[in-house]
Structure formats: C-alpha cells, structure tokens
Amino acid sequence: MIGLELMFAGIYALTSNNTLNYTLDHRYRWEVSLDDIVSWNFNKTKAAELYDGGLPEELLVTTWDEGPYSSYNNVNGKIIGGGYAFQIFDIIAEKLNFKYRIIPPEDLTIGNNETGMISMLNQSKVDMAVAFIPIIPEYMDFVEFSPILDSLEVSVLLERPLQSAIGSGLLAPFSKTVWICIFVSLALVGPIIYFVTSFRTWLWDRTNKDRYSFIDCVWFAYGAILKQGSAITPEADSNRLLFASWWIFITIITAFYTANLTAFLTLSEFTLDFTSVKDIYNLRKSWTAQRHYIIDITVNRNHPGKLEPLKKSLNKTRGMFYNITKEDNKAKKVAGFVTNDRLFIDEIQFIEDFIYRDYVNRTRLNMIEKEKCYYIKMPNSVYGQNRGFAYPLNSRLKKIIDYQLLHLVETGIIKHIESVNRPMVTYCPLDLGSTERRLENRDFKLTYEVIATGFLLALICFIVEVSQHYFKCRVCLCCADSCTCCKTRMKVQVSSTKRPQLPLPPLSITKGPIKTEFSAFPQPQIPIYDSIDNVISSKTHFINGRDYFVIKEITGEKRLVPIRTPSALLFQYTN
C-alpha cells in the first residue's frame, strides 16, 4: 500500500491550490501514511487562511528614491512607486490580494532611529519599507529585515588614464625592482673588476699585466650596456671570465628588454595602479560618494570593516560626500565630480549604466573610437553588502511577506528583474583589446626627458669649463706668445724683455760651423713659391727627393724639417 499512498499524495499535491511548503518526515523510510499527509496539509491550510485573513486591506509602506532599485512619483496627487523594489512588491500584492499606499520619509534617506525610513519603521508609522536597505547590525536594534534579496557591489568610476599603471616608454618592459637591480649591478661591477684585477697584479709580483685604471673598469661596465667596444683585452683566465660574465649578463638583459618593449607597445594589457580601497588610501587619491548612501553609511559606522582605509582617507580630507535631491540629475552631477585626480565610489549598477549612457551619447556625436570610452570602472568590486526589505520589530506581516520573497529569490525572479534593463555586454572595458597601436608622443616622454637631461648636463659642464677658463686667465702670468689668456687680458704685444727668462744650457765653444752628415750636400735651387720678390726666406736643402729646412740650434747642431710633399716636384722651378 505504500506505493498507492504515494501516488494519491502526488495527485493531491498537484491538484491542491495550497502554496505552502510541506515536507514528509522520514521520507527516506516511507513511514508516513496518507492520512497523516492529508491531516497535516489540512491543518497548515487552515492556519494560513486564518493568518491571511489578518492582513489589512491597505498596507502603509515607505521608500526612497534610489534608482533604479526604488523610486516614486506623484501622479495626479497619488504617489506611485517604481524601480525593482515595487516590481517585486506588486507581484506579492497581486498574489496576496492587498493594496498599499506610499508614505515617503521627510528627509528622503535611510536614516537612523530618529530620521529617515528607519525612524518611520521604529515608530511604527508604516508597515514596511519597500526598498533595498543594507542589512547592517546598527539597524537591527530598530527594525527587522527580510531574507537577503540581493548583494550590493561597490566599485570605482574614473576617467580613463592616458597610460597603463605599468608605465610607458623606456621603463615599461621591466618592473621597478628589476631596474633597481640593474643599476645596482652597474654601480658595483666596475669597482669589483678594478679590485680583482689590481689584487691579482699585486699578487703576481706587482706586474703591469692586466692592470687597468678605475676609470677604465667603470667605463667598460657602462659601455657594455650600450653595446660599445672596449680596448681592454685581459690575458689572465680569471680576468677573462670576469669580463665575459658581465658581457653575457648584459646580452641577456638587453635581449629581454628589446623583446618586452616590443610586446608592451603592441600587446600589453591596460591596468590601473590601484585594485582596492587600501591602494586608494596609500596612493593618496581623492574620492567622492553620495551622502546618506551605502559608502556614507558604512564609513561612518563604528567598524567599517573593509572600508576602514576610506574612513582614514576621509579624516585626512581626501574624501567628500555630496547631496542629491530628487530634482537633481545624478548622472550630470557625478560627471562634474569625476576627474583624473578624483574618483567616484558607488554601486556597480549605477556605474555601468552611467558608462553605457555616456558611450551612447558620444557615439551619436560621431566621436572616434578612442574618445568614446571616456570613463571606466575598476574591474573588481571594493565592497559588498547584503540588502533586503525592512519591517518594524515584531511585525505580523513579516512571515507571510518573507515567504513570498523567499520564493522569488529562489526562483531567480529578483535577479532576472534586476538584469532586464542592464546591457548584455560590457561597454568600455579597462582593456580595449586593440592589437594595433601607433606610438604617440607620450610613449617617448622618457626619451625626451633623457635627451633633455643630457643636454642640460652638457650645458652645465660647458658653463663650468668657461668659468674655470675665465678665472684661470685672471691669475695666469706665463706671458707666452701662445697663451690666449695673457693676450686677451693685456691686449698688447708682450715685450720679450719683460717675459720671464728660463736658464739656457751653456753654448759649446766652436770657432766655425759644426760639420754634420748633411754638410756635403750642395744647396738646391729654391722654387719660386718659396720666395717673395726673389728674396730667399729661408735656407733649404733638397734631400732624397724632398725639401727640408736646415735649422741651426743654439748649440750649433743642425736639424732637418720637411717643408713640402713629394707632389711638389711637379712645380719645381728651374732656369
């Protein structure tokens, strides 16, 4: 009979109008009889009818303007509710056959035990609040909450940065840590090479083999990075290994740098420099949020939890809350607050809708693709909070309304209602996914800074050199004909009698000219270009096909000085 009883129980369950939930005790042992099932269902149905009969014909509810979740409008003197909250509540009202009247709070906020919707519930002025109210412990002393209807996620809205957080230009391929290690290596390798080579030459009887100056070692380490050659050619095996190790290290580093720079300029992913509220606080970024809303409510709690960094930032005047009335256009007001230096923190639903509408407006203006996505949101949420409807303490309506709400949550109807008007695709993502990219001036910003710094240092060195030359000339007393300092300062020809004389070597005592190996050569014919008006300007000799000056020293010795190239023979003058 167990199978027959179960069949009748199934038929009764399908044909019954009862919507209450029921379960069979010991369902795995099939120990419940059909009489028990019918008796249990009849008693539950009678209890529900008695309870339903206690519902008032008209419920007094309160709400606030928090589009698109809840809103209200005055139509012909009657307040009409809107948003997701009243779509849900209208389903329950139609099913349970009751009406409701909306009484908005005076200050249009969630409030506390003295103001807003919480105050109206605490004083039992209304039967319930049809709005998505954050379920936080501070409110539980004054109201009761329904089952969790949704989870509010908070994110950050900002203008699209010009460059990714990983940087651009020359420094982008490596992280900051890698750059620090490279520069530390560059600073240490030169002194290490100098110490090792010097110590080795000292050990081997102070030989000059493989002995290099400190400047040569430092320049080798620096020149290797720039792929320059080097005149240093060590002969010892230990020194060769030392030099080769640095070359191999630099070769690998430059190869990785070139490959990463190419990948960065073409396929790099766009990232932000912050991923949480802790980063916002550490980076000292300014932010704004809506007053009397989730951020304001949570930050001003005794224990903000994950939003504790925002509370510290608010105490340092980096945060700001703004008021929005029902007459204000929230989107226009937010657009005035969001800049490159100021973030806007709000729930993701509003941020995505704001970005979508801005994208549509810019598309209608025929803007280029790059300018359409002017705003972006942070990919991950910074805070989450469960929300639900609220009742006065010990409310008679809570059980039956909660039961209907629980069905709507479990069947996914609430989630479906919230997603109907949301865009199906993500507009203006953080990474636009473009694989083709033209280099712009901002990509060469660091390059310009490097060359400008180099020219500036060169100018400073030039000024120092000119200053040194000027002050050196002021104290120079050499009085030589070739000294530009003396000529510039005195502006007159310095007399030889006033110049300082150096002691000369003693003259050799000779009665006639000193004979050398060149004395036997006859004096050659002087070419025409070596004289002016046939006046011989100097004494020359033609030796081995070339003309030489024969210079007579003070000591009487003669010295040959070549005066023309072999090609001058073509112009040799003869009578």
Considering only residues that are small (Gly, Ala, Ser) and farther than 30 Å from Leu343 by Cβ, look in the range 122-155 and name the one that is surrounded by the fewest Cβ atoms within 10 Å (Cβ to Cβ).
Ser124
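In the list Phe354, Phe321, Phe344, which residue meets the criterion of being within 29 Å of Asp107 (Cα to Cα) and either out of contact with any Phe, Trp or Tyr (no Cβ under 8 Å at 6 or more places or on another chain) or in a loop (DSSP other than H, G, I, E, B) (or both)? I'd like the intermediate steps shown before the answer.
On the way: Phe354 fails: either out of contact with any Phe, Trp or Tyr (no Cβ under 8 Å at 6 or more places or on another chain) or in a loop (DSSP other than H, G, I, E, B) (or both); Phe344 fails: either out of contact with any Phe, Trp or Tyr (no Cβ under 8 Å at 6 or more places or on another chain) or in a loop (DSSP other than H, G, I, E, B) (or both).
Of Phe354, Phe321, Phe344, the one residue that is within 29 Å of Asp107 (Cα to Cα) and either out of contact with any Phe, Trp or Tyr (no Cβ under 8 Å at 6 or more places or on another chain) or in a loop (DSSP other than H, G, I, E, B) (or both) is Phe321.
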Looking at the range 246-261, is at least one residue within 19 Å of Arg160 (Cβ to Cβ), under 27 Å from the mean Cα position of the chain (by Cα) and without any contact (Cβ under 8 Å) to a residue 40 or more places away in the chain?
no
What tally of residues in the range 404-421 results from selecting those that are surrounded by 12 or more Cβ atoms within 10 Å (Cβ to Cβ) and touching a residue at least 40 places away in the same chain (Cβ under 8 Å)?
10
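What residue, of Leu121, Leu162, is in contact (Cβ under 8 Å) with a residue 40 or more places away in the chain, out of contact with any Leu (no Cβ under 7 Å at 6 or more places or on another chain), over 27 Å from Ser419 (Cα atoms) and in a helix (DSSP H, G or I)?
Working: Leu162 fails: in a helix (DSSP H, G or I).
Every option except Leu121 fails the conditions.
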Quick one: would you say Ser276 is among the small types (Gly, Ala, Ser), touching a strand residue (DSSP E or B) at 6+ places or on another chain (Cβ under 8 Å) and modelled with pLDDT of 80 or more?
no
Number of the condition not met by Leu55 [criteria: (1) of a type in the set (A, V, I, L, M, F, W, C); (2) under 43 Å from the mean Cα position of the chain (by Cα); (3) in a loop (DSSP other than H, G, I, E, B)]:
(2)
Criterion (under 27 Å from Asn380 (Cβ atoms), out of contact with any Ser or Thr (no Cβ under 6 Å at 6 or more places or on another chain), modelled with pLDDT under 80 and of a type in the set (S, T, N, Q)) met by exactly one of Thr262, Thr266
Thr266
Evaluate the range 41-61: report whether one residue or more is modelled with pLDDT of 90 or more and closer than 23 Å to Ile324 by Cβ.
yes
Unmet requirement for Pro147, which otherwise passes all of (1) assigned to a loop (DSSP other than H, G, I, E, B); (2) out of contact with any Gly (no Cβ under 7 Å at 6 or more places or on another chain); (3) touching a residue at least 60 places away in the same chain (Cβ under 8 Å)
(2)
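Condition (residue is part of a loop (DSSP other than H, G, I, E, B), at pLDDT 90 or above and surrounded by 13 or more Cβ atoms within 10 Å (Cβ to Cβ)) applied to the range 66-83: is it met by at least one residue?
Scanning the range 66-83, I find no residue that is part of a loop (DSSP other than H, G, I, E, B), at pLDDT 90 or above and surrounded by 13 or more Cβ atoms within 10 Å (Cβ to Cβ), so the answer is no.
Residue-by-condition table, conditions (1) among the aliphatic types (A, V, I, L, M); (2) in contact with a strand residue (DSSP E or B) (Cβ under 8 Å, 6 or more places away or on another chain); (3) surrounded by 15 or more Cβ atoms within 10 Å (Cβ to Cβ):
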| position | (1), (2), (3) |
| --- | --- |
| Phe264 | no, no, yes |
| Arg284 | no, no, no |
| Gln290 | no, yes, yes |
| Leu310 | yes, yes, yes |
| Val334 | yes, yes, yes |
| Asp341 | no, yes, no |
| Tyr356 | no, no, yes |
| Arg362 | no, no, yes |
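The values are calculated or read from the model by the stated rules, or taken from the named source; none is laboratory data. Since this is a predicted model, take the numbers as computed values, not measurements. Using ideal geometry, Cβ is built from the backbone for each residue, glycine included, and neighbour counts are taken over all protein chains shown.
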